[in-house]
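I have placed the structure first, in the form of structure tokens, so that the comments after it can refer back to it.
The values are calculated or read from the model by the stated rules, or taken from the named source; none is laboratory data. The model shown is predicted, which means the values in this text are computed figures rather than measured ones. Here the Cβ is made from the backbone with ideal geometry for all residues, glycine too, and neighbour counts use every protein chain on show.
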Amino acid sequence: MANYDVIVIGSGPGGYVAAIRCAQLGLKTACVEGRATLGGTCLNVGCIPSKALLHASHQLHEAEHNFAKMGLKGASPSVDWKQMLAYKDDVIGQNTKGIEFLFKKNKIDWLKGWGSIPEKGKVQVGDEVHEARNIIIATGSQSASLPGVDVDEKIVVTSTGALDLPKIPKKMVVIGAGVIGLELGSVYARLGSEITVVEYLDQITPGMDGEVQKQFQRLLKKQGLDFIMGAAVQSVETLKTKAKVAYKLRKDDSDHTIDADVVLVATGRKPFTDGLGLEALGVKMSARGQIETDDHWRTNVEGIYAIGDAIAGPMLAHKAEDEGMAAAEVIAGKHGHVNYGVIPGVIYTHPEVASVGQTEEQLKEAGRAYKVGKFSFMGNGRAKANFAGDGFVKILADKETDRILGAHIIGPMAGDLIHEICVAMEFGASAEDLALTCHAHPTYSEAVREAALACGDGAIHA
Ligand code: NAI
């Protein structure tokens, strides 16, 4: 039993960042984590391992498709799956150990085990009860499956199982054309699996700018991914080594089935708050199972805060990190702030897809007068040299004031390029501000400047 200023429950990107910021602000801090390693879903079974597999499989794709064009001859590398998984596990280990080091450096106690809150100001971990003036719940989310679909993490898998398959499946059916389905679908498509994505809606990646959705789907099809759109999955039947996915086409209510060696269920995630004891404490929850907070991440119970996937908003690691820092600052008596209007979203396929702010559809719906500046990577010299001409940058700016309202990029390094637009938006910049900023040549970032120029008198290379 010990007394703390703050106990953070959960050590994912929200929790560990909150703990570090609390410690930096002079608060005696502990973090509860029941997994064997720190870092939560993101570092252990999410963002980081998937990026390792995306990187490795992309290298294979380059070798198979582009090396010979550049005069790099020789047989394409073959896949040693065991080694690829070992590389991925090594990357996970480096990252999770990194958090352990940061905890030690910042004198944060790691309370090992699963935490619960027996009463206000107390956190129980195993048999021990610790006292804390403040508690931050950062317990994240878990995969939300479908009725009629039982996940066994062998044949019917969530993203967790998909990152550790014993072998590369011949045929994989992905349920859900969201971020997880398309990232992991891309990995296995590059490694030779036949991929069919079954999606309920008529477009992929719901909520994304319509033009990007269309281009993105076109490019994924070119890479060999097959799509069955407007299809509601009804059930998955598991046989010994195979599965049968039953779906209904929404347009005519017709029933169909499709076989697979592995089925990836990627139909969204839901807050993970099991076992915390929130109901008994009277912590208010929404109908969707999210913990309700005010704009300072305070729940209705004094001294209990909540951040990240467990509360409302996009389920993104960086949104959780920002909330973690801000909640720590609020607890320390400072002014924690998150600008929810400028949270980028990135899909790490090839090409990458990134967006920030409003989509064209949202602006139309709001009846806002806007202008569009668009520039294709085909007009970018660096992209041409690197076989990366597919895609475009699209900037949306207010018609009157020229203030940037949103940006959508599909193309090389989109996930990095988006950030100069985020900074610009944070400062309330106009498209002209971006256009007047000198961009080094030859870089992909020139496409961002050209899109900004296209909001004014026109792009140069279009
Ligand atoms: P998602 O919400 O992005 O996509 C789920 C898809 O499944 C939707 O398109 C939905 O229409 C479809 N669907 C739902 N029920 C269906 C049914 N019965 N039949 C067919 N299709 C159905 O969810 P996803 O991809 O599982 O990701 C979960 C969360 O994790 C998201 O909030 C995402 O933002 C986050 N994430 C973010 C990443 C990133 O930032 N790069 C990477 C991975 C996950």
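Every residue, every condition in (1) within 16 Å of the ligand (Cβ to nearest atom); (2) of a type in the set (Lys, Arg), yes or no:
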site: 47; (1), (2): yes, no
site: 53; (1), (2): yes, no
site: 88; (1), (2): yes, yes
site: 107; (1), (2): no, yes
site: 121; (1), (2): no, no
Item to check | residue 133 under 23 Å from residue 308 (Cβ atoms), charged (D, E, K, R) and more than 11 Å from the ligand (Cβ to nearest atom) | outcome: yes
Checklist outcome for this item: Taking the range 296-319 and keeping residues out of contact with any Phe, Trp or Tyr (no Cβ under 9 Å at 6 or more places or on another chain) and away from the ligand (no atom under 16 Å from the Cβ) leaves 300, 301, 302, 303, 304
Next on the checklist: Taking the criterion of being charged (D, E, K, R), buried (at least 18 other Cβ atoms within 10 Å of the Cβ) and within 12 Å of the ligand (Cβ to nearest atom), would at least one residue in the range 245-257 satisfy it?
Outcome noted: no
Next on the checklist: Of all residues being in contact with a Gly (Cβ under 9 Å, 6 or more places away or on another chain) and outside any loop (DSSP other than H, G, I, E, B) in the range 152-161, which is farthest from the ligand (Cβ to nearest atom)? Just the residue, please.
Outcome noted: 160
Checklist entry - Is it true that residue 149 is over 19 Å from residue 14 (Cα atoms), modelled with pLDDT of 95 or more, in a loop (DSSP other than H, G, I, E, B) and of a type outside the set (D, E, K, R)? => result yes
Item to check | Qualifying residue in the range 419-438 (condition: within 21 Å of the chain's Cα centre (by Cα) and either surrounded by 23 or more Cβ atoms within 10 Å (Cβ to Cβ) or modelled with pLDDT under 95 (or both)) | outcome: yes
Checklist entry - For the range 65-80, which residues satisfy the criterion of being part of a helix (DSSP H, G or I) and exposed (fewer than 13 other Cβ atoms within 10 Å of the Cβ)? => result 68, 69, 70
Checklist outcome for this item: With criteria (1) within 27 Å of residue 317 (Cα to Cα); (2) more than 19 Å from the chain's Cα centre (by Cα); (3) touching a residue at least 40 places away in the same chain (Cβ under 8 Å); (4) surrounded by 22 or more Cβ atoms within 10 Å (Cβ to Cβ), residue 219 comes up short on (4)
Next on the checklist: Of the conditions (1) within 30 Å of residue 139 (Cβ to Cβ); (2) in contact (Cβ under 8 Å) with a residue 12 or more places away in the chain; (3) more than 16 Å from the ligand (Cβ to nearest atom), residue 380 satisfies every one except a single condition; which number is it?
Outcome noted: (1)
Checklist entry - When you scan the range 320-356, how many residues do you find that are away from the ligand (no atom under 16 Å from the Cβ) and within 22 Å of residue 431 (Cβ to Cβ)? => result 2
Checklist entry - When you look at residue 253, is it of a type outside the set (A, V, I, L, M, F, W, C), modelled with pLDDT of 95 or more, on the phi > 0 side of the Ramachandran plot and more than 28 Å from the chain's Cα centre (by Cα), yes or no? => result yes
Next on the checklist: I'm told residue 187 meets every condition in (1) within 16 Å of the ligand (Cβ to nearest atom); (2) free of Cβ contacts under 8 Å to residues at least 60 places away in the same chain except one. Can you identify the failing condition by its number?
Outcome noted: (2)
Checklist entry - Within the range 263-283, which residues are surrounded by 13 or more Cβ atoms within 10 Å (Cβ to Cβ), more than 16 Å from the ligand (Cβ to nearest atom) and not hydroxyl-bearing (Ser, Thr, Tyr)? => result 276, 277, 278, 281, 283
